[in-house]
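Participant: Would you mind keeping the following structure in view while I ask a few things?
No value in this document is a laboratory result; all are computed from the given coordinates. All of these numbers come straight from a predicted model, not from anything done at the bench. As a convention, Cβ positions derive from the backbone with ideal geometry for all residues, glycine included, and neighbour counts pool all protein chains shown.
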Amino acid sequence: MRIKAGSFFRTIALPVLLSSFLISYSFLGTLQALTIEEERKLGDQVLKEVSAKFTLIQDPVLLGYLNRLGQETLKQAGPQPYPFQFYLLKDSQLNAFSVPGGHIFITTGIIEIMDSEAELAGLLGHEIAHVTNHHISRRMEQEKKINLATMAIALASVFAGDPRIASAAITGSMATAISISLKYSREDEDEADNFGFKYMAREGFDPKGMIDLLDKIRRWGSYGSETIPAYLQTHPITGDRMSQIDQLRHRYLDQGPWSRGSSEDFRRFQVISLAKYGDIQKARNRFQVWEKDSSSNPWFDYGLGWLYLREGKFDAAVGAFEKTLAQRPRDPYFLRDLGQAYFSKGQYDLAIQKLGQAALINPQDGSNIFLLARAYQEKGEAQLALDNFNRVFQLNPNDGEAHYYLGIAYGNLKDLGQAHFHFGKSFQIKGDTEKALFHFRLALKYSEQDERKKELLEREIKSLTGKIEKAPSGKGPN
């Protein structure tokens with residue numbers, strides 16, 4: 001049964017969802033604190049649920065930056081028993097949360113209100129601290145104090161996705177359960193604040209950034225119960241907590257002055273998050289504020305360029321990106337995005353020119369190489385398209401979209417065995433087993449004269465079916 005990701009889910013169900021995983025997991029064990037391996041399993045379960053109910057942004061530029069900053073912050077915490085991964089959710093809610101196993105989730109909504117990289121570093125440090133201090137795992141012992149019947153009601157209300165059930169559940173003994181959870185949560189918040197401050201200060205960020213962000217979230221929540229940010233549901237910001245945070249900042253003052261400001265990568269991350277995945281009008285309003293601040297240039301035009309691309313106004317997008325590039329003519333991302341605008345207009349020669357320049361400056365940008373391959377493909381230059389798609393795979397062997405277009409490239413070159421193989425890989429990566437098998441089996445028929453390819457395809461088919469399938473004897477299909 002799926003949970004509806006509406007306002008009810010965001011404001012009530014998410015915190016209970018995390019508790020429900022603890023509850024359901026405890027029924028399988030002995031109601032004790034989680035081991036490291038159990039934390040991994042629980043984290044994977046939560047990741048699966050979140051992936052099913054939210055849109056996880058897959059943009060390599062955004063995820064690359066978020067994980068770089070996240071890993072830098074994580075280093076301040078010392079060695080960890082499992083790898084950490086940082087995710088960006090397409091969601092207008094102001095929210096961030098972490099789960100055991102090293103999974104950290106940030107929404108585009110909370111990115112939208114930030115004014116500095118220090119705010120993001122502080123938020124990541126805070127969420128990392130929840131995981132490294134095993135707050136959910138430690139709470140397992142405390143969950144035994146709550147009546148199991150009450151926990152079962154909470155679990156049913158969440159998975160039913162019905163706010164009326166939830167309302168009935170929280171009017172009685174559930175109120176006691178929630179109050180106990182909040183008490184422990186406030187203690188956890190104090191500890192996470194302390195460590196978050198320490199981590200960001202070690203990175204060179206002014207810890208005031210964390211205060212600034214929490215203050216914005218708290219002010220946002222003062223507009224009324226209907227607009228209380230989801231973040232406040234899982235991270236209550238009380239007067240006592242803000243006082244504690246202020247004391248923490250004074251404790252770290254002697255470690256300053258902090259000279260680290262917002263990087264270009266942060267501003268690019270924020271602009272693309274707003275323009276590609278946020279509310280268009282909110283993004284435009286934010287960019288207009290930047291227009292008045294000369295220090296924000298060229299981000300005003302860059303943001304408009306992305307908005308125009310999203311709206312299908314390709315001429316306007318080209319104009320905005322050209323203004324951006326005029327200020328920084330060797331920025332590989334500005335070159336790439338102008339190339340993408342030309343590609344969208346169907347001006348493939350100009351697209352290839354800009355994308356080729358970007359590739360010379362930054363040959364590791366797989367997204368740029370992919371666009372270059374697509375431009376050659378649209379021009380009908382199949383071999384150049386093929387060469388560049390293969391460069392994409394050297395950087396990212398699991399790029400499902402590149403596999404799909406590489407299949408088209410091989411088809412244009414009349415190599416149908418390779419074409420079907422790459423179509424199969426594309427569907428396999430997307431999780432569509434039926435279509436993947438269809439194309440792998442066709443590829444197997446076309447590859448009967450190539451023992452190496454036959455063995456590879458037989459392994460791919462076996463990985464999906466558990467059975468070995470041999471290529472039929474005789475010639476392949478016509």
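Participant: Which whole-number percent of Cα pairs in the range 264-465 have a distance greater than 25 Å?
Facilitator: Of the Cα pairs, 47 percent sit more than 25 Å apart.
Participant: Multiplying the sequence separation of residue 115 and residue 51 by 0.36 nm and subtracting their Cα-Cα distance, what value in nm do you get?
Facilitator: Roughly 20.2 nm would be gained on extension.
Participant: I would also like to ask the following. Among 447, 92, which comes first, second and so on when ranked by fewest other beta-carbon atoms within 10 Å?
Facilitator: Ranked by crowding around the Cβ, least crowded first: 92, 447.
Participant: Another question about this same structure. Quickly work out the residue 456-to-residue 202 label distance, labels modelled 7 Å from Cα along the C-beta direction, and quote it in nm with one decimal.
Facilitator: Reported label-point gap for residue 202 and residue 456 is 4.4 nm.
Participant: Report the extension gain between residue 463 and residue 284 in nm, rounded to one decimal, defined as 0.36 nm multiplied by the number of residues separating them, less their alpha carbon distance.
Facilitator: Value of the extension gain: 59.7 nm.
Participant: Further question on the same structure: Can you compute the modelled spin-label distance between residue 398 and residue 353, with each label point 7 Å from Cα toward Cβ, in nm?
Facilitator: Roughly 3.9 nm, to one decimal.
Participant: Could I ask something else about it? Rounded to whole Hz and in sequence order, give me ³J(HN,Hα) for the range 65-70 from the Karplus expression 6.51 cos²θ - 1.76 cosθ + 1.60, θ = phi - 60°, writing x for Gly and Pro.
Facilitator: Rounded to whole hertz, the list is 5, 4, 6, 5, 5, x.
Participant: If neighbour count is taken as other Cβ atoms inside 10 Å, put 426, 367, 273, 344 in order from fewest to most.
Facilitator: Neighbour counts put them in this order, fewest first: 344, 367, 426, 273.
Participant: Report the net charge of residues surrounding residue 303, where surrounding means a beta-carbon distance below 9 angstrom and charges are Lys +1, Arg +1, Asp -1, Glu -1.
Facilitator: For residues surrounding residue 303, the net value is +1.
Participant: Considering only the other residues whose Cβ falls under 14 Å of the Cβ of residue 44, what net charge follows from Lys and Arg at +1 and Asp and Glu at -1?
Facilitator: -1
Participant: Under 13 Å from the 7 Å Cα→Cβ point of residue 263, by amide nitrogen: which residues of the range 192-219?
Facilitator: Within reach of a label on residue 263, which here means backbone N under 13 Å from a point 7 Å along Cα→Cβ, the range 192-219 contributes 203-205.
Participant: For the residue pair residue 186 and residue 244, what label-to-label distance in nm results when each label sits 7 Å from Cα along the Cα-to-beta-carbon direction?
Facilitator: Placing both labels 7 Å beyond Cα along the Cβ direction yields 0.9 nm.
Participant: Neighbouring Cβ atoms within 10 Å as the yardstick, rank 401, 112 fewest first.
Facilitator: 401, 112
Participant: PRE reach from residue 291 (point 7 Å along Cα→Cβ): which of the range 318-357 fall under 19 Å by backbone N?
Facilitator: Label zone hits: 318-327.
Participant: Follow-up. Could you tell me which of the pairs 313/425; 345/430; 216/292 are separated by over 24 angstrom between their Cα atoms in the structure shown?
Facilitator: Going by Cα-Cα distance, 313/425; 345/430 fall outside the 24 Å limit.
Participant: Report the FRET efficiency, 1/(1 + (r/R0)^6), for residue 133 and residue 413, where r is their Cβ-Cβ distance and R0 is 56 Å, rounded to 0.05.
Facilitator: Taking R0 as 56 Å, the efficiency between residue 133 and residue 413 is 0.50.
Participant: In addition: Show the residues, 5+ positions off or on another chain, whose built amide H is closer than 5 Å to the amide H of residue 87.
Facilitator: Sorted by chain and number, the residues that satisfy this are 104, 105, 106.
Participant: While we're looking at this one, here's another question. Work out how much length residue 254 to residue 441 would gain on full extension: take 0.36 nm times their residue separation and subtract the Cα-Cα distance, in nm to one decimal.
Facilitator: 60.6 nm
Participant: Continuing with this model, one more query. Find which of 377, 314, 327 sits farthest along the positive direction of the dipole of the range 311-385, computed with +1 on the beta-carbon of Lys and Arg, -1 on that of Asp and Glu, about the Cα centre.
Facilitator: 327
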